[in-house]
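Step one of this worksheet: look at the structure below.
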Amino acid sequence: MSEQNRLETFRVEKLQHIIDLGHDPYGQRFDGHRPIAEVRPLCPEENGIDGEEVRVAGRIMLKRDTGKLWFVNIKDMTGNIQLMISKNELGDEQWALVKTLDLADIVGVDGLLRKTKTGEISVYVKKLTILTKSIAPPPEKYHGVDDVETLLRHRYLDLIYSDGVLDRMLLRSSIIDSVRQTLRGNRFVEVETPVLHAIAGGAAARPFITHHNALDIQLYMRIALELHLKRLMVGGVERVYEIGRVFRNEGIDATHNPEFTMIEIYQSYGNYETMMDLTEAIVTDAARIVKEKLGLEGDRLVLPWGDETIDFTSPWPRKKYADLFEAAAGFPMTDHEKVIELAKTKHIQTENVHIDVIVNKLFEELVEDSLEGPVFVIDYPASICPLTKRKQNDPTIAERFELYVKGMELANAYTELNDPRLQEQLFKTQLAGQAEEDSMAKMDHEFVYALKVGMPPAGGLGIGIDRLVMLLTNSKTIRDVIYFPLMKPEN
RNA sequence: GCCCCUAUAGCUCAAUCGGUAGAGCAUUUGACUCUUAAUCAACAGGUUCAAGGUUCGAGUCCUUGUGGGGGCACCA
């Protein structure tokens, strides 16, 4: 028998013992228990004085058995507390149940709040209820689990045993709550649109391909939310957004997971400047919630980022793409000869590649990483923006911005192109040097028809929720803010 | 796709030059009614990721594979 089986066997024997004692090792409904964080402050200040009777429940994290008196630490979603369990108090029958307890079991107790002689807030147990017997051997009680692979494959172990993981994920939920609240305050409507697309449009990314059996057609997992939300604006849903999973069949690294959460927001009768204001509102509202939850002081909206900080205090600077390019390159992006010359020294392909694609590659290399932010980069070269309205006085420039923080692209927005004939033409124009799958321009006749019916002028905005959560929770990798990041299957 | 690192008891980690695989925690047994990673005593626990190879002898060296981590590339 392996060591693991041996450890499990002892626990199964205890489980049988619980049944023999007339209890259910997998428990039953347990009403009226209170969050530990809420109960702790109710404990009397003075040692040894009985306080209120409370009911709490949680998982056993530590056990100190001094014979006829046990100290057991349990934790729930809000915090942890010590239980003091005395043989004299409980009597023989309950004591037999206490003796079956192991680390990682889930218990409920009724008891009196009381500080121990050494001042530890405790529940002096009057009644113990077994809620779930854990039969898997638990990890090391102090170090927990350290192996990244184990933690990611069994995220619940990470949540139980790694400090801060649960709190961080709860912050994620609070941030998403905050985003919804900001949008509700601005009269936006949340909707759901299809995940399975016949054409994977709205972004430049390689899609996952799947198949519908009954229809015998190829379908794609969506890479963006854009085109359906715009259709809804045509239909009169003037302010609309969706928070949803999108899928991109690309590499995995610290800032990329194959499935991730996007929010896209469309506001009829707005433009990209409208969306800049909205972006500031969404991000600063969420940052304020995080700052509050972390208990941070100060007038400015400053959050920690590794050894540094990020100052989210608005307004954020708005800098022109062309100006940033020129400042970094030393010549304007309209100087095509110099652009190509510099590109060659950087080993960027220039043959049969559209000049704006080359400019953008240079921009990524020269400018992007240095954008500490938050900073709005505005007014992009039009030819790399096939879904964006051009500037009224300059058709080579698109009314688009990207928000950068710590070199990461956090948001992307534009004044939406609503001219159906220009849209159709841009869908047809495959930019030279771009593989079809890398292009944002995928012909979608039905979408062009929608624009012919008429879409109001509008601003549109996309924010990577995972990256937003990373920046607000001081997380350097996307894995830290996704419960179940993609892993290769074992074997 | 390329390069580097990594895999030892349930968990956290050792193992010198290639020479009997060890410790702490957890478990088991015993003691203990105010502990704080409780303490004390005793027992037990191993396909060293997998498959090959070199060698008298491999956890250790070599090859291949698998999982994971990091970097590059890809990715607005």
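The values are calculated or read from the model by the stated rules, or taken from the named source; none is laboratory data. Treat the numbers as computed from the prediction; the structure is a model and nothing was measured. We place every Cβ from the backbone using ideal geometry, glycine too, and count neighbours over all the protein chains shown. Surface areas here come from the heavy atoms of the whole protein model, side chains and all, with no ligands, DNA or RNA. Shrake-Rupley method; radii C 1.70, N 1.55, O 1.52, S 1.80 Å.
Odds and ends about this structure:
- For segment A:3-137, the fraction of alpha-carbon pairs lying more than 22 Å apart is 34 percent, rounded to a whole number.
- In summary, the aspartates and glutamates within cross-link reach of A:Lys117, defined as a Cα separation below 15 angstrom excluding same-chain residues under 8 places away, comprise A:Glu45, A:Glu46, A:Asp50.
- At the residue level, A:His17 shows approximately 80 square angstrom of accessible surface with a 1.4 angstrom probe and all protein chains present.
- To the nearest 10, the accessible area of A:His143 is 130 Å² with a 1.4 Å probe.
- Counting only lysines at least 8 places from A:Lys133 when in the same chain, those with an alpha carbon closer than 18 Å to its own are A:Lys14, A:Lys63, A:Lys75, A:Lys99, A:Lys141.
- Unit charges on C-beta of K, R, D, E only; dipole of chain A, Debye: 960
- On full extension, the segment bounded by A:Glu3 and A:Glu149 gains 50.5 nm, given 0.36 nm per residue less the C-alpha separation.
- Derived scalar couplings between HN and Hα for segment A:289-296 equal 4, 5, 4, 5, 5, 7, x, 8 Hz in order, rounded to whole Hz, by the Karplus curve 6.51 cos²θ - 1.76 cosθ + 1.60 (θ = phi - 60°), x for Gly and Pro.
- Here each label is just a point 7 Å from Cα along the line to Cβ, and for A:Asp216 and A:Tyr142 those points are 6.7 nm apart.
- A P(r) calculated from all alpha carbon pairs of chain A, with 20 Å bins opening at zero, reads 19, 42, 26, 12, 0 percent.
- In nm, spacing of pseudo-spin labels at A:Ser314 and A:Ile252 (7 Å Cα→C-beta vector): 3.6
- Compared with the dominant Cα axis of chain A, that is its longest principal axis, helix A:336-345 is turned about 40°.
- Peptides A:459-472, A:102-115, A:336-349, A:46-59 ordered by packing proxy, namely the average of other Cβ atoms within 10 Å per residue, highest first: A:459-472, A:102-115, A:46-59, A:336-349.
- 1.4 Å probe accessible area per residue over chain A, in Å²: 50
- Sites A:Lys344 and A:Arg34, calculated FRET efficiency, Cβ-Cβ separation with R0 51 Å, nearest 0.05: 0.15
- A:Lys75, A:Lys230, A:Lys476, ranked by accessible area, largest first (probe 1.4 Å): A:Lys476, A:Lys75, A:Lys230
- Helical contribution to [θ] at 222 nm, DSSP H n ≥ 4, -39,500 (n - 2.57), averaged over chain A, rounded to 500: -9500 deg cm²/dmol
- Ranked order, A:Met77, A:Met443 - accessible area, probe 1.4 Å, largest first: A:Met77, A:Met443
- For chain A, the carbon plus sulfur part of the accessible surface works out to 49%, probe radius 1.4 Å.
- Under 20 Å from A:Lys346, Cα to Cα: lysines that are on another chain or at least 8 residues apart: A:Lys338, A:Lys361
- Gain on full extension, evaluated as 0.36 nm per residue between A:Asp307 and A:Asn80 minus their Cα-Cα distance, stands at 78.8 nm.
- Residue separation of A:Glu364 and A:Phe71 scaled by 0.36 nm, minus their Cα-Cα distance, works out to 99.7 nm of gained length.
- When the charge dipole of segment A:3-137 is built from unit charges on Cβ atoms (+1 for Lys and Arg, -1 for Asp and Glu) and taken about the Cα centre, the candidate among A:Thr116, A:Pro41, A:Val54 whose Cα reaches farthest toward its positive end is A:Thr116.
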